[in-house]
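Let me begin by presenting the structure, written as structure tokens, before commenting on it.
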Amino acid sequence: MLIALILLILFGGCASPTGMAVDQATSLELPNRLVGTWIRPIKNHPETTEGIRFDDNGRFGLIGIHTMHGLEWKRENDDLIVTTNTGRYPEPFETRLSIKTLTDTTLILEGDKGYFRGSWRRDDTSAGRITGQVAYRERIALPPDAAIHLTLEDVSRQAAPATYIASQVIPTLGCQVPIPFALYYASGDIDPKRTYQVRAAIVMDGQRRFLTTQAYPVLTRGNPDHIEITLQGVQPKQPLSTQPHSKTLRVEDLHLPATYSGQLERPSGNQSRITLNLYSNRIFFLRKPAETPADDTLASGHDHGRWYLAHGGRQLILIGRAEAPYKLAVKDSETFRLLSLNGSKDRLPHPIDLTRRDGLDPFEDPVPMTGMFRYMADAALFTECLTEASFPVAQENDYLALERAYLAHRQTAGEPLFTTLTGHLGQRPKMEGDGVQTVIVVDRFDTIQRHATCPMRNALARLQNTYWKLTELYGKTIQFAAAGQGEPHLMLRPQEYQMSGFSGCNGFFGLYRLDGNRLSFENMGATMKACPLEPNLEKIFFRALTATEHFKIFGEMLELYDGRNAVARFEAVYF
């Protein structure tokens, strides 16, 4: 509440408790040594700098830090409190730091958490500021969760897209137009010979409801650094739920393992059956017609890999050996629509509906596989390279040749060795207890090697600097329904190894450690709002982050693991 009150005063045009304008009240204070611009080199990019700016009216600006925006600052003795936000999460987020050193040239900040820790040097010439106000003519009140998005762009090249320079996101927090703003930029990014303009929008419930419809030139060629922006209202987009084939599917609805199949009509009039098997450990096997008779890879009629649900359960993604992912539309609760036989390339002239069949039909066609094989205490385990899934190995068919080769090559008991084979998945009785389990059946053993490992996967998204939307916790689909709030998500930034996100109720922050595929989170903190709409989501989300030991990325899906158990899954989102 205190943060909201301060920001209402600073940015909403609301009166201060003294009845005096904020700028006037603060201007009566003695000059603060902290006021000005401080910069430092960006980690791993020493030729590039980033900056923070403290204005004497309590405004706080960021320069060269495009994933976060500054809002306001205040000082309590040797403590510095800064408030920031992001475009995806406009609500203010507070960070408390300790001022270790403050001279005319040096600022050193400390604290257990916070991106701004470290040493800064003063350079008041490195940053500029555009001020003004945003308004619109429509007689519509803004809801408390509305936010103003401002962007400074280079528009010198008429035939080319505008070049991004800087941006700012201002939460309205219940205030109405006109609303004042300050947009900060790096002075070095401005060329007096070029042309710049500011573009603005008001975002409500995730949609842009008011936009600039004319140019607002600034800074160069005689243009000002203070502007009055008038926006125009636009109609909201049609909700996705009203569009055709937009059924949402939860992982729990699949009841795996399961088989889906459909018929492909050939130009000759012949039919070919396509079969897709999905397993609960996110493995798929796809049997399809050969694309060319001479092809001996994908045309063998098989592919396998990992699957996940995307776009809120409206799409099934298969990441296999094909050059591009397969993207199947969720037509209804038991039907997927296949668009291509070779990933998202070479689309079919007529999509094929794959319908769920009664029970699993585990086809036993031999498929080439590579992976790490190990044998210990009469138990054999094969971890397949493409899927990174581990399966017991059935002691039948050509298994004995594999075991003999392994015993001849290993140097220590249980040592994993790189193995190539031709095999298939089968269902066999469990060694202990009732029921069946999925196993690898070795149809033909090929080779085994020491000093070799699985090749690196081609992830379609990067762990760092990606907006990861939470989709599952401990195997349960997350369907976030709190209206007017940001969706649960996670972002990892390489600078200072800082993590931040939204839990469904509160913003959170902290640090992370990264070593290869090992990942852990520490020094986590969060805002303190109550969570009446999603009372358990935040608790389970934080428990999953705390338990995380390593990660995997398949396509655009991030999986966090505690040992062998996936505790959370995320989908990459791009804006």
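The values are calculated or read from the model by the stated rules, or taken from the named source; none is laboratory data. Fair warning: this is a prediction, and the values are worked out from it, not measured in the lab. Glycine gets a Cβ as well: all are built from the backbone with ideal geometry, and neighbour counts include every protein chain shown. The accessibility values were calculated without ligands, DNA or RNA, using every heavy atom of the protein model including side chains. Shrake-Rupley method; radii C 1.70, N 1.55, O 1.52, S 1.80 Å.
Looking at ILE148, ILE170, ILE140, just one residue is among the β-branched types (Val, Ile, Thr), modelled with pLDDT under 90, touching a strand residue (DSSP E or B) at 6+ places or on another chain (Cβ under 9 Å) and under 15 Å from ALA201 (Cβ atoms), and that residue is ILE140. From the list ASP346, ASP358, ASP353, ASP365, the one residue that fits, being modelled with pLDDT of 85 or more and either more than 19 Å from THR259 (Cβ to Cβ) or not in a strand (DSSP E or B) (or both), is ASP358.
Only one of the numbered conditions (1) part of a strand (DSSP E or B); (2) within 19 Å of LYS74 (Cβ to Cβ) is violated by TYR115, and that is (1).
Could you tell me whether segment 152-161 includes any residue that is under 32 Å from the mean Cα position of the chain (by Cα), of a type in the set (Val, Ile, Thr) and modelled with pLDDT of 95 or more? No, segment 152-161 contains no residue that is under 32 Å from the mean Cα position of the chain (by Cα), of a type in the set (Val, Ile, Thr) and modelled with pLDDT of 95 or more. Being at pLDDT 80 or above, open to solvent by less than 20 Å² (accessible area, probe 1.4 Å) and under 23 Å from the mean Cα position of the chain (by Cα) is the filter here; which residues of segment 325-343 pass it? Across segment 325-343, the qualifying residues are TYR326, LEU328, VAL330. Residue check: ASP515 meets all listed conditions (1) out of contact with any strand residue (DSSP E or B) (no Cβ under 8 Å at 6 or more places or on another chain); (2) touching a residue at least 60 places away in the same chain (Cβ under 8 Å) but one, namely (2).
Of the residues making up segment 135-175, those that are within 15 Å of VAL198 (Cβ to Cβ), of a type in the set (A, V, I, L, M) and part of a strand (DSSP E or B) are ALA135, ILE148, LEU150, LEU152, ILE165, ALA166, VAL169, ILE170. Considering the conditions (1) at pLDDT 80 or above; (2) within 21 Å of ALA526 (Cβ to Cβ), THR49 is excluded by exactly one of them, (2). Evaluate the following for ASN523: is it in contact (Cβ under 8 Å) with a residue 24 or more places away in the chain, over 26 Å from LEU386 (Cβ atoms), open to solvent by 40 Å² or more (accessible area, probe 1.4 Å) and touching a strand residue (DSSP E or B) at 6+ places or on another chain (Cβ under 7 Å)? So ASN523 fits the description; yes. Whether a residue is under 19 Å from the mean Cα position of the chain (by Cα) and open to solvent by 50 Å² or more (accessible area, probe 1.4 Å) was assessed, and TYR574 passes this test.
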